[in-house]
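The values are calculated or read from the model by the stated rules, or taken from the named source; none is laboratory data. Since the structure is predicted, the reported quantities are computational estimates derived from the model, not experimental observations. Positions of Cβ are backbone-derived with ideal geometry, glycine not excepted, and every protein chain shown enters the neighbour counts.
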């Protein structure tokens, strides 16, 4: 049986970071196990919690007249990750009379998938977002840009990469709200 657990060192031992880990260790019981440790991929639980607390604080502080109006904290998190560049992006544009599978190039050299008409465009966008509940869809010159935030789950991202993303999200917050993650943390501590 192969398991992947996220553990945190504490008091001279390793302890699970989530309920799944606790249940997996309980299932192992007193049996001997072989363990492989990848310490470089362990995320900081404190930075992880701070990031999500910051998203909540940013949502509560979001300017009502801002161009982007998040529906909830998850929608804001997806938008911030996309703005920070941690997303997949697909561009679509209607070109009447185009054939299936056609692409054109934007002025910036980006590949744009061509749609034959507005109905075809809607179908292509729907296919691109599939089951994602938080796609960010916005105009992009004559095209439509569909961005889907990548997962920041523990098993998808090590600490170094997570920290880079958090830093970029902080830059986005400074640009959009005039406050950084550190500022939002202090606001939360005062409240």
Counted residues in region 158-191 being at pLDDT 80 or above and buried (at least 18 other Cβ atoms within 10 Å of the Cβ) come to 7
Picked from region 117-147 (must be assigned to a strand (DSSP E or B) and out of contact with any helix residue (DSSP H, G or I) (no Cβ under 8 Å at 6 or more places or on another chain)), the residue nearest to residue 71 (Cα to Cα) is 138
Taking region 14-29 and the residues there that are exposed (fewer than 10 other Cβ atoms within 10 Å of the Cβ) and not in a loop (DSSP other than H, G, I, E, B), the one that is modelled with the lowest pLDDT would be 19
Within region 30-84, the count of residues that are closer than 16 Å to residue 175 by Cβ, touching a helix residue (DSSP H, G or I) at 6+ places or on another chain (Cβ under 8 Å) and exposed (fewer than 13 other Cβ atoms within 10 Å of the Cβ) comes to 2
